[in-house]
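Colleague: First, the structure itself, so that you have it in front of you.
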Amino acid sequence: MPRAELEYPKRPLGTVNRYSPRASYSLRVIHGIFNTCPTLHVSFNSPDSPFPAVLPMIGQMGSFDRPSSDEGDVLDLYLHGYVSSRVMNLTRRPATDDSPPGMPVTVAATHVDGLVLALTPNSHSYNYRSAVLFGHATLVEADDEKLYAMELITDSVVAGRWQNSRIPPNKAEMSSTSVLKVRIATGSAKIRSGPPGDEKHDMEDPAVVGNVWTGVVPVHMSLGAPIAGPYNAVDKVPAYLEEYIKSMNEVGVDHSVKAAEASAKPGKKPVDD
């Protein structure tokens, strides 16, 4: 019997109201968007600034307590990047009656899958996959959990890279590396795929339709041929790296083309937001 698909709770904070048919609350969908996004943007409020702060960080979903969990399970978000003393202090915020311990954060991940070119400027859009997670960030201090997170994040850059680098990290590397763990409260995703959509009066105007090209330009990240560093002493590019580049490029092309070719209901203007 298939396992039930888990979803994040639809709380006011994370519920998609505009074009709600494009929303997804599936853990698998949201975690998949995060795990394939090379840069995550982490937002938080700091008491010493009138403006919210936004930090670009590297991150990956995972479970230290249940490392065999997949993207459809309840997971934490591990983040790596420069963590200032200000952020460290904020992550040590104690629990209250209304909130668990840690710094409240909002984390966003976005992929652009296509340039959607319509008849009119107002109907242009992107094909995209966007997700937001809300939670509380704390500093990972236990070495065993920090090692787990470091391997998880390193292998998200290039699959298998952790085992193909000089490991384990030494004491200086461990002490200088900061990892944040976000316990997720809720989240949501919003996804657009398919062709452009225009108003009926434009689509029925031969002068407009015959003069303006419409369609989708697929967009995907492309990994290039590796360029050896100045002190590289390995003659050949490792097979695991070549395989990773090939696989990632194939997946990127396939996804963006399928998103462009996704069908819209005949005679209905697709949602363009």
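The values are calculated or read from the model by the stated rules, or taken from the named source; none is laboratory data. Everything numeric in this text was worked out from a predicted model, so none of it was measured. Cβ: placed from backbone, ideal geometry, glycine included. Neighbour counts: every protein chain shown.
Colleague: Which residue pairs have Cβ atoms closer than 8 Å, lie 6 or more positions apart in sequence or on different chains, and pair a first residue in the stretch 190-212 that is touching a residue at least 24 places away in the same chain (Cβ under 8 Å) with a second residue that is charged (D, E, K, R) and in a helix (DSSP H, G or I)?
Modeller: If the second residue must be charged (D, E, K, R) and in a helix (DSSP H, G or I), the pairs left are K190/R22; I191/R22; R192/R22; S193/K258; V208/D202; V209/D202.
Colleague: Given the structure, is G267 at positive phi, modelled with pLDDT under 95 and part of a loop (DSSP other than H, G, I, E, B)? It would help to see each step written out before you state the result.
Modeller: Details: at positive phi: yes; modelled with pLDDT under 95: yes; part of a loop (DSSP other than H, G, I, E, B): yes.
When the stated conditions are applied, G267 passes them.
Colleague: Something else now. If I go through the stretch 213-246 residue by residue, how many of them are in contact (Cβ under 8 Å) with a residue 24 or more places away in the chain and under 28 Å from the mean Cα position of the chain (by Cα)?
Modeller: Final tally of qualifying residues: 13.
Colleague: Something else: Look through the stretch 31-44, keep the residues that are touching a helix residue (DSSP H, G or I) at 6+ places or on another chain (Cβ under 9 Å) and either polar (S, T, N, Q) or farther than 18 Å from G102 by Cβ (or both), and return whichever of them is surrounded by the fewest Cβ atoms within 10 Å (Cβ to Cβ).
Modeller: P38
Colleague: So, one more: Just checking, which of R86, R28, R66, R22 is basic (K, R), surrounded by 12 or more Cβ atoms within 10 Å (Cβ to Cβ) and modelled with pLDDT of 95 or more? Lay out the reasoning, then the answer.
Modeller: Numbers: R86 fails: modelled with pLDDT of 95 or more; R66 fails: surrounded by 12 or more Cβ atoms within 10 Å (Cβ to Cβ); R22 fails: modelled with pLDDT of 95 or more.
Answer to the selection: R28.
Colleague: Take the residues of the stretch 94-113 that are touching a residue at least 40 places away in the same chain (Cβ under 8 Å) and hydroxyl-bearing (S, T, Y): which is surrounded by the most Cβ atoms within 10 Å (Cβ to Cβ)? Write out each step before concluding.
Modeller: Filtering the stretch 94-113 for residues touching a residue at least 40 places away in the same chain (Cβ under 8 Å) gives 100, 102-113.
Then keep just the ones that are hydroxyl-bearing (S, T, Y); that gives 106, 110.
On the way: T106: 19, T110: 16.
Result: T106.
Colleague: Looking at K236, is it in a loop (DSSP other than H, G, I, E, B) and modelled with pLDDT under 95?
Modeller: For K236, the condition - in a loop (DSSP other than H, G, I, E, B) and modelled with pLDDT under 95 - is not met.
Colleague: Do any strands (runs of 3 or more DSSP E) lying entirely in the stretch 13-92 carry at least 2 residues that are touching a Pro at 6+ places or on another chain (Cβ under 8 Å) and under 19 Å from L139 (Cα atoms), and which ones are they?
Modeller: Details: elements: 40-44, 53-62, 76-80.
Those strands (runs of 3 or more DSSP E) span 40-44.
Colleague: Right, here's the next one. Scan the stretch 155-184 residue by residue and report those that are assigned to a helix (DSSP H, G or I) and under 25 Å from T106 (Cβ atoms).
Modeller: Filtering the stretch 155-184 for residues assigned to a helix (DSSP H, G or I) gives 155-157, 171-176.
Matches in the stretch 155-184: S156, V157.
Colleague: With A149, A118 as the choices, which residue is buried (at least 21 other Cβ atoms within 10 Å of the Cβ), out of contact with any helix residue (DSSP H, G or I) (no Cβ under 7 Å at 6 or more places or on another chain) and over 22 Å from I58 (Cα atoms)?
Modeller: Details: A149 fails: over 22 Å from I58 (Cα atoms).
Going through A149, A118 in turn, the sole match is A118.
Colleague: Among G252, G229, G187, G224, which is in a helix (DSSP H, G or I), modelled with pLDDT of 95 or more and either farther than 30 Å from L27 by Cβ or not charged (D, E, K, R) (or both)?
Modeller: Numbers: G229 fails: in a helix (DSSP H, G or I); G187 fails: in a helix (DSSP H, G or I); G224 fails: in a helix (DSSP H, G or I).
None of the others qualify; the one that does is G252.
Colleague: Does G102 satisfy the criteria of being closer than 23 Å to H41 by Cβ and within 16 Å of the chain's Cα centre (by Cα)? Steps first, please.
Modeller: Values: closer than 23 Å to H41 by Cβ: yes; within 16 Å of the chain's Cα centre (by Cα): no.
So G102 does not fit the description; no.
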